[in-house]
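A short write-up of the structure that comes next.
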Amino acid sequence: MNRDFATIITTNLLYSFATFLPLLILPLYVNRLGANLFVTGLVISFYYVTTTVFSVIWGVLSDAFGKRKIFLSSSLIGSAIVLFITSIVRVPIIVVLLMALLGFIASAFRPAILALVGTVASTEERGKLFGFLTASTSLGYAIGSFSGGFVAQYISIQTSVVLAAILAVAGAIISLVFLRRVDREITNIPANARLVFSVLKRKFFPTNVSESYVKHGNLHILFSVTFIRYVSFWGIWTLFAVYVSTVLGASDLWVGLLIAISFVLAGAIFQPLAGKMCDKIGRKPLILIGLAGTSVVEIFYALSPNFLWIIPAQILLAFTFSCLENGNNCYVTDVTPETQRAEAMGLLTTCIFGGGAVGGLLGGMIAQFVGMQVMFLLMAILPIIGFIIVFIKIKETLIR
């Protein structure tokens, strides 16, 4: 692994910590400030609304200007500023609005870093390198979950958010200092407001429309399935911390531990394994495993009598999440032209976060009327629908 890829992995690790921790700990925070389940769900929903809208826009601009390094560091620094402000706010609706701002800023990161990996990796090693990248994502989630729960238990939730902000700044510094220009800079023209608007206008309002690469390889089907899977997943995870705390009796520390279990196992074991499986058995089988496993995990959540029963579900989640993420990343990269990879990854991210926006809103609304456990069971239906669609419509892209 060369220095540039090691820098990419480290930066992604710190980004994952800084953005994931608030998404799980702040719903618990606003709930304790007096917000009902609907408003609690808006913490994640608003974050994903802005991420949904701007991920593809950032991806288009990243493709147009090719300055991935600047996108990474700027996103991290901006996220840190928003997190510092969030740590001193005590009004639930202001926290919700700050999470919307965080989504706008943080959404510049993922399309750029995924496109970087797609550029430096050969077709034969793409699954393996994406496995390392998603492993660092899972480890970042694990560190954020555990340390967030630990600090919240023994100091405060606000201190957990400050810690996330500090690590975001560290990630920005590392990317600026150690990452060389490993991507192809498409234009040397300095970016300005007029050029940015011109690029976006040509992309979203073209004068002549050719067949979109999104239809090639049934990417539009994969994006749709990804959306409904994440509606289901984030409909539940919006209230996961509240559920295991108030219904199953877990302490703040145990909340962090339960979340961390799946991401430690994913980062240390299952993400690299799933990356290799992508190169050995193909992309489609892993996507199917990820969808079916998601439904099983969500049913297990709903039927667990206490928080300790969540542990085996988290182990299964680690494996299925790893399979789905690596399968999706490799499939999209396989069928997308190199000059549009950041855009495609932006679209994939838009579907993920769009599902989070709808899922957070829908999950909070349903739980408000029928309770969290019934909502979990209803959400478990969606990944099965996605499984059937992928099984019928998606073809394998791995060429040996």
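Put the Cα centre of segment 338-400 next to the Cα centre of segment 230-309 and the gap is 14 Å. Ligands, DNA and RNA excluded, the heavy atoms of T134 present near 0 Å² of accessible surface to a 1.4 Å solvent probe.
Heavy-atom accessible area with a 1.4 Å probe sorts R32, R283, largest first, into R32, R283. For the chain, the mean residue ellipticity at 222 nm estimated from helices alone is -26500 deg cm²/dmol, where every DSSP H run of n ≥ 4 contributes -39500 (n - 2.57) and the total is divided by all residues, rounded to the nearest 500. Accessible surface of the chain, 1.4 Å probe: 71 percent of it comes from carbon and sulfur atoms. Surface listing: I236, I228 arranged by accessible area from highest to lowest gives I228, I236, probe 1.4 Å.
For F84 and I392, a Förster radius of 51 Å and the Cβ-Cβ distance give a FRET efficiency of 0.60, rounded to the nearest 0.05. Within the assembled protein chains, the solvent-accessible surface assigned to R3 is about 110 Å², based on a 1.4 Å probe. Annotation: per residue accessible area for the chain equals 39 Å², rounded to a whole number [probe 1.4 Å, protein chains only].
Of the residues M379, M365, M345, the one that moves most in a GNM of the chain with alpha-carbon contacts below 10 Å is M365.
When restricted to Cα atoms, the chain yields an Rg and a Dmax of 19.7, 60 Å, respectively.
Couplings for segment 137-152, taken from phi via the Karplus curve 6.51 cos²θ - 1.76 cosθ + 1.60 with θ = phi - 60°, read 4, 5, 5, x, 4, 5, 4, x, 5, 5, 5, x, x, 5, 5, 5 Hz in order; Gly and Pro are left as x. Residue separation of T159 and I315 scaled by 0.36 nm, minus their Cα-Cα distance, works out to 53.3 nm of gained length. Figure note: S74, S79 ranked by solvent-accessible area, largest first, 1.4 Å probe, ligands and nucleic acids not counted: S74, S79.
When the chain is treated as a GNM with alpha-carbon contacts under 10 Å, the residue of P337, P272, P92 showing the greatest mean-square fluctuation is P337.
The slack between I384 and I281, meaning 0.36 nm per residue of separation minus the straight C-alpha distance, is 34.9 nm.
The residues neighbouring A274, those whose beta-carbon lies less than 11 Å from its own, together hold a net charge of +2 under the Lys/Arg +1, Asp/Glu -1 convention. Note on the chain: GNM, Cα springs under 10 Å; of V247, V95, V177, the largest mean-square fluctuation is that of V177.
The values are calculated or read from the model by the stated rules, or taken from the named source; none is laboratory data. Here the structure is a predicted model, which means the values were calculated and not measured. Positions of Cβ are backbone-derived with ideal geometry, glycine not excepted, and every protein chain shown enters the neighbour counts. All accessible areas refer to the heavy atoms of the entire protein, side chains included, with ligands and DNA or RNA removed. Shrake-Rupley method; radii C 1.70, N 1.55, O 1.52, S 1.80 Å.
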